[in-house]
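The structure appears below as structure tokens.
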Amino acid sequence: MGGMDLLIWIGPFATASLLIYGLLVFFQHRKVVRDRCKKAATTALPRFHRDAMDNSLKRRFLEWVSSIGKWASSEKVDASKVRFALVQAGFRHPKGPGIYFGIRALSAIALPIPYLLFSAIEGEMGTGSLLCLFGLAGAGFYLPMYVLRFITGRRMDRIDKALPDVLDLFIVCMEAGLALQATINRVAEEVRSISSELYNEFQLTNAELRTGIPRETALRNLGERTGVQNVKALVGLMVQSEKMGTSIGQALRTHAAFLRVQRGLKAEEKAAKLPVKILFPMMFFIFPAIFVVVLGPAVIQMSQNAFFNS
């Protein structure tokens with residue numbers, strides 16, 4: 001009877017476990033098949049048809065914003081400067097300056113609207129309200145400029161952090177006997193998962209070299225597009241090594257060691273700034289809570305004693 005009872009308990013448990021396992025395996029295979037079918041369905045469509053479905057609304061919106069920004073960009077010099085700043089931020093749309101000025105104009109119009117509606121509902125529209133509206137409009141007009149600078153700075157930081165590892169790949173490829181153009185092409189494919197920014201820049205440099213642009217010009221364009229000082233120094237080092245006929249691999253090895261030392265010094269600098277940066281959050285958020293926990297019971301006790309004595 002003991003063995004029968006044990007089988008009675010083990011049988012349903014094993015059946016339920018196998019059923020749950022089978023369901024999990026079934027749904028997992030179903031998900032894999034569904035993903036393959038979805039991928040095949042999207043890749044089976046013509047390229048222009050998929051682009052039309054995915055980007056038609058986005059293209060219309062960008063054209064509309066660009067048409068708004070045409071009147072804001074009056075000088076060609078400003079447009080060229082804005083295009084250069086957009087390239088350094090990673091935006092290479094053909095109508096980039098028009099879109100940028102259009103976003104600034106829309107931001108200047110859209111930012112005061114909530115305050116205007118609130119003032120109209122409250123019925124308070126005075127001189128102060130007009131000054132606030134003009135201030136919000138000015139803030140909305142200049143806000144995209146600071147956002148663009150922030151995006152550019154973040155992109156430069158990512159490129160700067162990935163550069164020493166990319167230089168190691170350059171050294172390995174060039175010491176293996178590859179030419180500079182083949183090295184750039186090979187390194188671009190290897191760093192695609194590490195740094196998409198450097199991958200795109202190396203692909204553009206390869207495209208320039210294939211079109212017949214001189215090697216020195218293509219390399220200097222790489223440094224100007226990224227805007228990173230270490231990349232510009234690397235480009236200058238490669239150009240100088242090629243002119244002098246020295247070993248580019250040894251020069252890259254020295255530069256990679258220097259970049260690693262520089263990265264360590266930057267990390268130490270940030271660590272040294274932490275005590276000063278954490279002072280203000282401690283003063284405004286941590287110390288008040290500590291004072292409430294430590295002094296709160298004493299204050300309550302003192303207030304109760306004063307109440308009873310009175």
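The values are calculated or read from the model by the stated rules, or taken from the named source; none is laboratory data. Because the structure is predicted, anything quoted here is derived from the model rather than measured. As a convention, Cβ positions derive from the backbone with ideal geometry for all residues, glycine included, and neighbour counts pool all protein chains shown.
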Show the residue pairs meeting these rules: Cβ distance below 8 Å; 6+ apart or different chains; first residue within region 188-215 and more than 19 Å from M174 (Cα to Cα) and outside the structural domain of G227 (by TED's automatic domain parsing); second residue part of a loop (DSSP other than H, G, I, E, B) and polar (S, T, N, Q). none
Being part of a helix (DSSP H, G or I), under 19 Å from A256 (Cβ atoms) and either in contact with a His (Cβ under 7 Å, 6 or more places away or on another chain) or basic (K, R) (or both) narrows L163, L198, L219, L167 down to just L167
From F170, F202, grab the single residue that is surrounded by 18 or more Cβ atoms within 10 Å (Cβ to Cβ) and touching a Leu at 6+ places or on another chain (Cβ under 7 Å). F170
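Could you say which residue among L259, L279, L274 is within 30 Å of N185 (Cβ to Cβ) and not hydroxyl-bearing (S, T, Y)?
L259
Kindly evaluate R104 against the criterion of being surrounded by 18 or more Cβ atoms within 10 Å (Cβ to Cβ) and basic (K, R).
It is true that R104 is surrounded by 18 or more Cβ atoms within 10 Å (Cβ to Cβ) and basic (K, R).
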If I121 satisfies all but one of (1) over 22 Å from the mean Cα position of the chain (by Cα); (2) closer than 26 Å to Q203 by Cα; (3) of a type in the set (V, I, T), what's the number of the condition it fails? (2)
Six or more apart or on different chains, Cβ under 6 Å: which pairs go from a residue in region 220-240 that's closer than 11 Å to E201 by Cα to one that's among the basic types (K, R) and assigned to a helix (DSSP H, G or I)? Could you list them? G223/K232
Taking the condition of being more than 24 Å from K161 (Cα to Cα), touching a helix residue (DSSP H, G or I) at 6+ places or on another chain (Cβ under 8 Å) and part of a loop (DSSP other than H, G, I, E, B), how many residues in region 222-247 meet it? 1
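In region 88-129, which residues are in a helix (DSSP H, G or I) and within 16 Å of Y142 (Cβ to Cβ)?
Within region 88-129, Y100, F101, G102, I103, R104, A105, L106, S107, A108, I109, A110, P112 meet the criteria.
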Could you tell me whether F150 is over 27 Å from V228 (Cα atoms), aromatic (F, W, Y) and at pLDDT 85 or above? no
Can you pull out every residue in region 132-157 that is closer than 26 Å to Y199 by Cα and surrounded by 17 or more Cβ atoms within 10 Å (Cβ to Cβ)? L148, T152, R155, M156
